[in-house]
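Bear in mind that the values in this text are calculations on the coordinates, not laboratory data. What you see is a predicted model, and the numbers here were worked out from it, not measured in a lab. Don't worry about glycine lacking a Cβ; one is built from the backbone with ideal geometry, like all the others, and counts go over all protein chains shown.
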Amino acid sequence: MQSFDLEAEGLRALNSALHAQSATTNQTVWDILNPKGAHAIAVGLDAPIEVNVKGSTGYYCAGMNKQATVHVHGSAGPGVAENMMSGTVVVEGDASQYAGATGNGGTLIIKGNASSRCGISMKGIDIIVHGNIGHMSAFMAQSGNLVVCGDAGDALGDSLYEARLFVRGSVKSLGADCIEKEMRPEHITLLTELLERGGCDAKPEEFKRYGSARQLYHFNIDNAY
């Protein structure tokens with residue numbers, strides 16, 4: 001196990017060391033000490049390594065992640081796991097706004113609450129939130145899955161494309177073109193796997209599914225001026 005004191009050695013040295021890892025590395029587990037809310041920790045990783053951040057982080061932690069598992073033992077600032085491609089990011093506490101934004105793949109697990117715009121423009125990522133999410137979450141979400149074990153704020157799924165949204169609690173309001181949809185057997189199977197992956201103590205039958213009404217992205221002559 002590699003132990004890195006971020007306060008003593010600095011962010012550039014940390015990310016340079018992590019970027020130097022490859023598929024054949026023998027330095028597979030890293031503990032990051034004294035993060036103290038620093039920004040851009042463990043961004044742009046592209047190796048099957050495990051990074052344990054022992055505290056809370058600032059913005060863009062684990063952004064653009066590939067292959068790696070990044071575990072934040074605290075809360076995360078704006079844009080955690082932004083544009084991640086693969087791998088896993090786990091936040092033990094809460095996440096600030098636009099968690100998982102534009103994510104193309106991989107899994108983001110938030111064990112606390114997520115703020116506004118969670119999963120905005122998601123493009124294939126799976127986001128699993130144990131708590132609540134804020135307003136405008138999954139705005140323009142294109143594909144992937146957003147699982148919320150708590151409640152959702154205003155304008156959920158506004159201008160949604162083909163992402164699937166599963167919410168266990170209440171939804172304050174749905175955004176434009178987002179509607180409640182039937183939970184078919186294949187969705188129960190999918191949600192069961194996602195809840196297990198996220199370590200959630202919830203039953204898939206307790207959730208409602210939301211998705212696109214498919215009205216906004218088809219041309220309608222009545223909307224032409």
Checklist entry - Quick one: Karplus J couplings for the stretch 129-134, per residue in order, coefficients 6.51, -1.76, 1.60, θ = phi - 60°, nearest Hz, x for Gly and Pro? => result 10, 6, x, 9, 10, x
Checklist outcome for this item: Relative contact order as a percentage, the stretch 1-96, C-alpha pairs under 8 Å and 6+ apart, gives 22
Item to check | Ranked packing of 42-48, 84-90, 8-14, most packed first, by mean Cβ within 10 Å | outcome: 84-90, 42-48, 8-14
Checklist entry - If each Cα of the stretch 117-215 is one equal point scatterer, what is log10 of I(q)/I(0) from the Debye formula at q = 0.10, 0.17, 0.21, 0.24 Å⁻¹? => result -0.20, -0.62, -0.98, -1.31
Next on the checklist: Sequence gap at least 6, Cα distance under 8 Å: using those rules, report the relative contact order of the chain to the nearest whole percent.
Outcome noted: 10
Checklist entry - Once phi is turned into θ = phi - 60°, what whole-Hz ³J(HN,Hα) does the Karplus curve with 6.51, -1.76 and 1.60 give for every residue of the stretch 32-38, x standing for Gly and Pro? => result 9, 9, 6, x, 6, x, 5
Item to check | Alpha carbon Rg of the stretch 1-145, scaled by the compact-globule rule 2.2 N^0.38 Å | outcome: 0.96
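Grab the DSSP H runs of the chain that are 4 residues or longer, score each as -39,500 (n - 2.57), total them, divide by all residues and round the 222 nm result to the nearest 500 deg cm²/dmol.
One gets -3500 deg cm²/dmol as the mean residue ellipticity at 222 nm.
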Item to check | Long-range HN-HN contacts of Val171 with modeled amide H, under 5 Å | outcome: Ala152
Next on the checklist: I need the trypsin sites (Lys or Arg not before Pro) found in the stretch 176-218, filtered to DSSP loop residues with at most 12 other beta carbons within 10 Å of theirs.
Outcome noted: Arg214
